[in-house]
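A.B. asks: My questions will all concern the structure given below.
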Amino acid sequence: MLLRDVVATLRGVFVRPSRLRRLAALGPAGWWHTLRFIVVIIPRASRQLRTIRERAARIPDARLRMAALASIDGKAYHVQGGSILATFLHGPASRRYVELIAPLETIYDYLDDLCDRFAGVPSLAYSTLHEALVDALDPTAPERDYYRDGPSVDDGGYLRWLVNRV
């Protein structure tokens with residue numbers, strides 16, 4: 001699993017030759033940071049995703065659960081690649097950065113999939129669902145029903161749980 005995550009993330013992050021040229025231009029420091037990213041940050045992001053995936057697997061509504069799990073499985077590299085900045089942080093700051101990026105990126109990917117691929121989501125619901133992103137960045141935000149405009153399903157508190165993890 002971890003090897004798959006590393007390979008997928010490296011493909012996503014370093015797919016462009018221009019990125020590899022920039023990395024090579026950094027010399028040994030660039031290679032050292034890349035090694036730290038591979039050995040420390042990707043595994044940390046993968047652990048966060050495992051926790052999120054375990055929570056998504058408990059969503060009561062089967063269709064919503066499948067959407068959440070597909071979003072995590074199909075876009076894990078977004079969390080891992082988005083965590084690359086943690087490479088340049090150390091100690092608690094690096095850990096906290098990954099702990100913040102994992103649920104935030106998961107919210108984004110999950111809502112993107114709901115709005116694009118989940119049958120029966122009215123366009124009115126798009127902005128309502130995406131309030132979760134705004135609320136995730138505001139610890140004083142009141143609790144809201146992100147599904148109030150659709151879809152009418154039970155996520156077992158999954159989206160609220162993600163918002164509260166940021």
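The values are calculated or read from the model by the stated rules, or taken from the named source; none is laboratory data. Values in this document were obtained by computation on a predicted structure and should not be read as measured data. A quick note on method: Cβ atoms are made from the backbone with ideal geometry, for glycine too, and the neighbour counts reach across all protein chains shown. Note: accessible area is taken over every heavy atom of the protein model, side chains too, but ligands, DNA and RNA are not part of it. Shrake-Rupley method; radii C 1.70, N 1.55, O 1.52, S 1.80 Å.
A.B. asks: Restricting to helices (runs of 4 or more DSSP H) lying wholly in the stretch 1-61: which have 1 or more residues that are within 18 Å of the chain's Cα centre (by Cα) and not acidic (Asp, Glu)?
C.D. replies: Counting at least 1 such residues, we get 2-13, 42-56.
A.B. asks: Then there's this: So, in the stretch 111-153, how many residues would count as being assigned to a helix (DSSP H, G or I), among the polar types (S, T, N, Q) and open to solvent by 20 Å² or more (accessible area, probe 1.4 Å)?
C.D. replies: Narrowing the stretch 111-153 to residues assigned to a helix (DSSP H, G or I): 111-117, 123-129, 131-136.
Checking the rest, the ones that are also among the polar types (S, T, N, Q) come to 123, 127-128.
Retained after the next criterion (residues that are open to solvent by 20 Å² or more (accessible area, probe 1.4 Å)): 123, 127.
Adding up the residues that qualify gives 2.
A.B. asks: Identify all residues within the stretch 52-69 that are over 15 Å from residue 153 (Cβ atoms) and in contact (Cβ under 8 Å) with a residue 40 or more places away in the chain; write none if there are none. Don't jump to the end; show me each part of the working.
C.D. replies: Kept after step one, since they are over 15 Å from residue 153 (Cβ atoms), are these residues of the stretch 52-69: 52-55, 57.
Passing the criteria: 52, 55.
A.B. asks: Something else now. Tally time: how many residues in the stretch 14-55 are touching a Ser or Thr at 6+ places or on another chain (Cβ under 7 Å), more than 17 Å from residue 69 (Cβ to Cβ) and β-branched (Val, Ile, Thr)?
C.D. replies: 2
A.B. asks: Here is a follow-up. List, please: which pairs have Cβ atoms under 9 Å, are six or more places apart or on different chains, and start with a residue in the stretch 77-100 that is more than 15 Å from residue 43 (Cβ to Cβ) and end with one that is open to solvent by less than 10 Å² (accessible area, probe 1.4 Å) and part of a loop (DSSP other than H, G, I, E, B)?
C.D. replies: none
A.B. asks: Which residue is nearest to residue 30 (Cα to Cα), if the candidates are limited to the stretch 51-95 and must be of a type in the set (Asp, Glu) and open to solvent by 50 Å² or more (accessible area, probe 1.4 Å)?
C.D. replies: If we take residues in the stretch 51-95 being of a type in the set (Asp, Glu) and open to solvent by 50 Å² or more (accessible area, probe 1.4 Å), then 73 is nearest to residue 30 (Cα to Cα).
A.B. asks: Would you check if residue 156 is at positive phi and at pLDDT 95 or above?
C.D. replies: Considered against the rule, which asks whether it is at positive phi and at pLDDT 95 or above, residue 156 comes out as yes.
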